[in-house]
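Contents: one structure, followed by commentary.
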Amino acid sequence: MLKKIFEDLMELIYPSNIYCIACGNLIDKTRPYSLCDSCVRTLKWNNKSSCEKCGKKLNESFSQNLCSDCMESQHFFEKGYSCVEYGLAERKILHNFKYKDKAYLCRKLSEIMYDRINLENLNVDMLIPVPMYIRKQRIRGYNQAELLTKYLSIYMQLPYYKKVLVRKHDTKPMNSLGVEERKENIKKAFTVKDKWVKIIQNKKILLIDDIYTTGSTVDECSRMLLNNGADKIYVFAFAAGADILKKV
Ligand SMILES: [Zn+2]
Ligand SMILES: [Zn+2]
């Protein structure tokens, strides 16, 4: 009921028959997720083989069940999920989400995410977004992970807590760093606020972000949540970076 009212209201404010969320072409209302036919075909949907641990899409010729990152390193989270591999079209969508009509995009992305997570028999108690450094969030005006979490919490009918995890300081952009540097960069970047410790005790938490790459950010968040009494952490991102096969 609540979901229906929310959707009707959002439809009124941000009608969903405007443009394709990836290429911007005009589309009609019948297009699922507001994607045109061509973009639906172009997107790298993560619907075949994926890494058993982090959920990253695996190369079809790859015979292992784990991606190369997960073969090398352990994660603090239980299991990860994602909807698409992070390629050019996916980058465009997330770029539009960050810099264009964010409410419209966010609604569509969370619909895709909701349908994806619904395929899993996942039993979680609450959702928590990966936090942004507060000063950075003030400049941008919002945290995209937090927006996705807010919409998903309505679709999933689960509470979400945006203040449990706090990013204590800004970190260097991760895309220029290697795996070990990423881990070092993110170490101790997050904290769980004392007043929220009680709420996560023995809870199963779905941690939400827009992109998953090597997992060092969500791992550090998971470590902090587990250290503060959470039971299990699951990770869910709209897009996950491609599995880079390392040369031996
Ligand atoms: Zn399109
Ligand atoms: Zn993996």
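The values are calculated or read from the model by the stated rules, or taken from the named source; none is laboratory data. All values reported here derive from a predicted model rather than from experimental measurement. As a convention, Cβ positions derive from the backbone with ideal geometry for all residues, glycine included, and neighbour counts pool all protein chains shown.
Structure summary
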| item | result |
| --- | --- |
| Residues located in region 65-117, provided they are among the polar types (S, T, N, Q) and more than 14 Å from the chain's Cα centre (by Cα) | Asn65, Ser68, Ser73, Gln74, Asn96 |
| Sole residue being within 16 Å of ligand 2 (Cβ to nearest atom), of a type outside the set (Phe, Trp, Tyr) and within 19 Å of Gln144 (Cα to Cα), chosen from Ser50, Ser63, Ser68, Ser82 | Ser82 |
| Single residue of Leu147, Leu105 found to be closer than 22 Å to Cys221 by Cβ and either outside any strand (DSSP E or B) or out of contact with any strand residue (DSSP E or B) (no Cβ under 6 Å at 6 or more places or on another chain) (or both) | Leu147 |
| Subset of region 167-183 (residues that are within 19 Å of the chain's Cα centre (by Cα), surrounded by 16 or more Cβ atoms within 10 Å (Cβ to Cβ) and not in a helix (DSSP H, G or I)) | Arg167, Thr171 |
| Looking only at region 118-152, and only at residues there that are in contact (Cβ under 8 Å) with a residue 24 or more places away in the chain and more than 16 Å from the chain's Cα centre (by Cα), the one that is surrounded by the fewest Cβ atoms within 10 Å (Cβ to Cβ) | Asn123 |
| Of all residues in region 18-47 being surrounded by 15 or more Cβ atoms within 10 Å (Cβ to Cβ) and among the polar types (S, T, N, Q), the one that is nearest to ligand 2 (Cβ to nearest atom) | Asn46 |
| Residue list for region 37-82, filter: basic (Lys, Arg) and in a helix (DSSP H, G or I) | Arg41 |
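Residue by residue, here is whether (1) surrounded by fewer than 18 Cβ atoms within 10 Å (Cβ to Cβ); (2) within 16 Å of ligand 1 (Cβ to nearest atom); (3) more than 15 Å from the chain's Cα centre (by Cα); (4) touching a residue at least 60 places away in the same chain (Cβ under 8 Å) holds:
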residue: Ala189; (1), (2), (3), (4): no, no, yes, no
residue: Trp196; (1), (2), (3), (4): yes, no, yes, no
residue: Ile205; (1), (2), (3), (4): no, no, no, yes
residue: Tyr212; (1), (2), (3), (4): no, no, no, yes
residue: Asp219; (1), (2), (3), (4): no, no, no, yes
residue: Ser222; (1), (2), (3), (4): no, no, no, yes
residue: Asn227; (1), (2), (3), (4): yes, no, yes, no
residue: Tyr234; (1), (2), (3), (4): no, no, no, yes
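Yes or no, residue by residue, for (1) assigned by TED's automatic domain parsing to the domain that holds Leu225; (2) within 16 Å of ligand 1 (Cβ to nearest atom):
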| position | (1), (2) |
| --- | --- |
| Lys4 | no, no |
| Ala22 | no, yes |
| Thr30 | no, yes |
| Leu35 | no, yes |
| Ser50 | yes, no |
| Lys53 | yes, no |
| Asn65 | yes, no |
| Ser68 | yes, no |
| Gln74 | yes, no |
